[in-house]
Amino acid sequence: MLRFEQIEKMGLIYAGIIRRDDWDGNPLTHNTTESINSVLNSNGIYPKTIYRVNQQHSDNICIVENEYKKTVVADGIITQIPGIALCILVADCVPIFLFDPTKTVLGVIHAGREGTRKQIAVKAVGIFVNEFNSNPDDIVSIIGPSIGPCCYNLPDELLNLCSHDGLVITDKHTVDLWQSNKKQLLDSGLSKSKIFISEECTCCSNYYYSYRRGDRQLRNYAIGMI
């Protein structure tokens, strides 16, 4: 599994991605919570529960206050509760981890094209500030593996919509979701030195499932746990 040590060392049990090669040859069974838990356990990570949401490319974010919260429609999850593994599915969309080590608040966000256009990362930081009294300067962020500006070509109509909504368009007329989300986080008050971009393109790399490369059902799992 990929691990983000930059953020783990600040107080997290785990922050990272379960990738294509982490399923031990059984990709068709990997969508169950039980199989995700099995992969985590085999790597020494033992959550009380795994919390997943019904993702619909929205800007909805839920706060998990106990391990019995019902599944909701959302594309972001935030908690202060230790032992709850926050789990987001991605296959080219951007997984964003947010962690405030001062207030011990963790968020895992699904920021695809639509979520980025809707500024879901900005909304997440707002929840940190308004609900948990975080100082944006304390928040550390990881912008994880996703489709990169090398591969994210779009029809002109969608490209124009992205440009209109403030997303970063490259000289090659591709969308840069990494820099788009970094810009939003900076505008939300995060320090440049505390935003890390993995710069791994899921479409280029065989380590990951990629929707654009043809993986219509299989997903990578961005997971964080206090």
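Values quoted throughout were computed directly from the atomic coordinates according to the rules given, and no laboratory measurement underlies them. Given the structure is predicted, the values throughout are model-derived calculations rather than measurements. With ideal geometry, Cβ positions are generated from the backbone for all residues, glycine too; neighbour counts draw on all protein chains shown.
What the table below lists for this structure:
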quantity: Test: Asp92 is assigned to a loop (DSSP other than H, G, I, E, B), buried (at least 16 other Cβ atoms within 10 Å of the Cβ) and in contact with a Phe, Trp or Tyr (Cβ under 8 Å, 6 or more places away or on another chain); calculated: yes
quantity: Within segment 1-27, tally of residues that are in a helix (DSSP H, G or I), in contact (Cβ under 8 Å) with a residue 12 or more places away in the chain and not aromatic (Phe, Trp, Tyr); calculated: 6
quantity: Residue within segment 76-88 that is in a loop (DSSP other than H, G, I, E, B), closer than 25 Å to Arg212 by Cα, out of contact with any Asp or Glu (no Cβ under 8 Å at 6 or more places or on another chain) and in contact (Cβ under 8 Å) with a residue 60 or more places away in the chain present; calculated: no
quantity: Considering residues of segment 130-154 that are within 17 Å of Leu185 (Cβ to Cβ), of a type in the set (A, V, I, L, M) and touching a residue at least 60 places away in the same chain (Cβ under 8 Å) only, the residue surrounded by the fewest Cβ atoms within 10 Å (Cβ to Cβ); calculated: Val140
quantity: Output for segment 170-226, where each listed residue is surrounded by fewer than 16 Cβ atoms within 10 Å (Cβ to Cβ), assigned to a loop (DSSP other than H, G, I, E, B) and either touching a Ser or Thr at 6+ places or on another chain (Cβ under 7 Å) or acidic (Asp, Glu) (or both); calculated: Asp171, Glu199
quantity: Any hit, segment 11-19, residues being touching a Pro at 6+ places or on another chain (Cβ under 7 Å), within 29 Å of Gln119 (Cβ to Cβ) and surrounded by 19 or more Cβ atoms within 10 Å (Cβ to Cβ); calculated: yes
quantity: Condition check for Lys172: touching a strand residue (DSSP E or B) at 6+ places or on another chain (Cβ under 8 Å) and among the basic types (Lys, Arg); calculated: no
